[in-house]
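Notes to accompany the following structure.
Since every read-out is calculated from the coordinates, none of them should be taken as a lab result. Since the model is a prediction, treat every value here as computed from it, not as a measurement. Reconstructed Cβ throughout: ideal geometry from the backbone, glycine too, with neighbour counts over all protein chains shown.
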Amino acid sequence: MNKYLLYPGCSMESSAKAYMESLNSILEPLDLSFEEIDDWNCCGATEYLGINLIPAYSLIARNLALASKQMSGTRTVVAPCSACYLNLAKADYYMQERPSLGVKVNEALEAGGLQYKAGTLDVRHLIDILVYDVGLETIRSKVTHPLRGLKVAPYMGCMLPRPDYQNRWSDHEHPTELDDLLRALGADVIDYPLTTSCCGGHMTQIGPETAFELIRRLVADADERGAHVMATVCPMCQMNIDAYQGEMNHYFGTHYEMPILFFTQLMGLAFGKKPDDLGIGIELVSSRNAMANIGVEVPITQEPGAKRKKDEGLPMPRRWTKHGAGKESSK
């Protein structure tokens, strides 16, 4: 059994709960053992590094220090979240490249009785482990319900393939790892040139109009190319495209209904797992029609009689809407 240390990150316990559920469902078939890092903390997401470098890197490095104490038969830390992966890999890289940074970070860690020697751990993303350690042939051999007939747009997002501190990926602009994995599941993978384009990140909170345009490009291109569903490796990407697709439609006067699922959910389906064990059905943009293409019935997760407004995403300040009635209050 292949053993790894797992850094789950905050989103896997909340907005990306379906990612964790589906990840857990595929571990046993693939003979994988993930041991969660004890007492891990938030990596700071994407903004904190732009505010104060030393506290930000110290926050990240605390997780590396904890993981290094927990090493037993492995030195590999797996981060399923792209933002978490980037932050952990970045901290490890720059603590090696800039010794003065490493000294300051370790001075901060000493306050908690911790130390971290940069380079001790190997930080990797989940899809890297699956494609290059487990292998596509092994994954293909575990498929009992091929996803033949399901047209999938593979969406890697912008944070995973670049900057590539460890030379992990096949290409920085058009990596094929996700495409190859989805094909191993039997899915019909469409040509999707925007695979590494940005989803807007936290611009949904800072500049929603900009975020809506970025989301629109991704969804529109997937739709025009005939995709039934988008598959992603990133909790932030999944949340933006799923939760804010309604707001984007309202802003542009469009009517897209493009579901986006985690690639592990599709793996679980191909391995014969039940949709409700994979978190399928809790997405805001329903995957029911997409799943019908492969004979999968998506469970209804809403209470009987409950009615969700189709054209609204998460509540957020909306300064103005392109197709609305001018300026709107954030109240």
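Taking amide H as placed 1.01 Å from N in the peptide plane, Met230 has its amide H under 5 Å from the amide H of Ala153, Ile260, Leu261, each at least 5 places away in sequence or on another chain. Going from the fewest other Cβ atoms within 10 Å to the most, the residues Thr196, Thr176 appear in the order Thr176, Thr196. Entry note, the chain: the mean residue ellipticity at 222 nm calculated from DSSP H runs of n ≥ 4, each adding -39500 (n - 2.57), is -11000 deg cm²/dmol after division by the residues and rounding to the nearest 500. A Gaussian network model of the chain, with springs between Cα atoms under 10 Å, assigns the largest mean-square fluctuation among Gln245, Gln205, Gln115 to Gln205.
Charging the Cβ of each Asp and Glu at -1 and of each Lys and Arg at +1, and nothing else, the dipole of region 146-327 about its Cα centre rounds to 500 debye. Phi angles of region 200-206 translate, via the Karplus equation with coefficients 6.51, -1.76, 1.60 and θ = phi - 60°, into HN-Hα couplings of x, x, 7, 5, 4, 9, 9 Hz per residue; Gly and Pro are given as x.
Each residue of region 55-62 was assigned a 3J(HN,Hα) from its phi angle through the Karplus expression (A = 6.51, B = -1.76, C = 1.60, θ = phi - 60°), giving x, 5, 5, 5, 4, 5, 5, 4 Hz with x at Gly and Pro. If R0 is taken as 30 Å, the Cβ-Cβ distance between Met1 and Tyr93 corresponds to a FRET efficiency of 0.55.
Counting other Cβ atoms within 10 Å as a rough exposure proxy, the listed residues Ser68, Ser14 run Ser14, Ser68 from fewest neighbours to most. When +1 charges are put on Lys and Arg Cβ atoms and -1 charges on Asp and Glu Cβ atoms, the dipole computed for the chain relative to its Cα centre reaches about 520 debye. Simple rule: put +1 on each Lys or Arg Cβ and -1 on each Asp or Glu Cβ in the chain, find the dipole, and look at Met20, Pro275, Ile241; the Cα lying farthest toward the positive end is Ile241. Placing +1 on the Cβ of every Lys and Arg and -1 on the Cβ of every Asp and Glu, with nothing else charged, gives region 2-125 a dipole about its Cα centre of roughly 360 debye. Taking only the C-alpha atoms of region 146-327, the Rg (one decimal) and the largest Cα-Cα distance, Dmax (whole number), read 16.4, 51 Å. Can you tell me how region 197-245 classifies by the Cα gyration tensor, rounded, prolate or oblate, using a/c under 1.5 as the rounded cut? Cα axes put region 197-245 in the oblate bin.
Each residue of region 217-228 is assigned a 3J(HN,Hα), and the resulting list reads 4, 5, 5, 4, 5, 4, 5, 5, 8, x, 5, 8 Hz, derived from the Karplus form 6.51 cos²θ - 1.76 cosθ + 1.60 (θ = phi - 60°), x at Gly and Pro.
Considering only beta bridges that DSSP places wholly inside the chain, some 10 percent are antiparallel.
Full extension of the chain between Thr176 and Glu110 gives 19.6 nm of extra length, using 0.36 nm per residue less the Cα-Cα distance. Only beta bridges with both residues in region 146-327 are counted; by DSSP, about 20 percent of them are antiparallel.
In terms of surrounding Cβ atoms within a 10 Å radius of their Cβ, Ser82, Ser33 rank from fewest to most as Ser33, Ser82. Between amide H atoms placed 1.01 Å from N, distances below 5 Å from Cys43 occur with Cys10, all of them 5 or more places distant or on a separate chain. Projecting the Cα atoms of Asn41, Leu53, Ala111 onto the charge dipole of the chain (Cβ charges, centred on the Cα centre) puts Leu53 farthest toward the positive pole. For a distance above 33 Å, tell me the whole-number percent of Cα pairs in the chain that qualify. In whole percent, the share of Cα-Cα pairs in the chain beyond 33 Å is 28.
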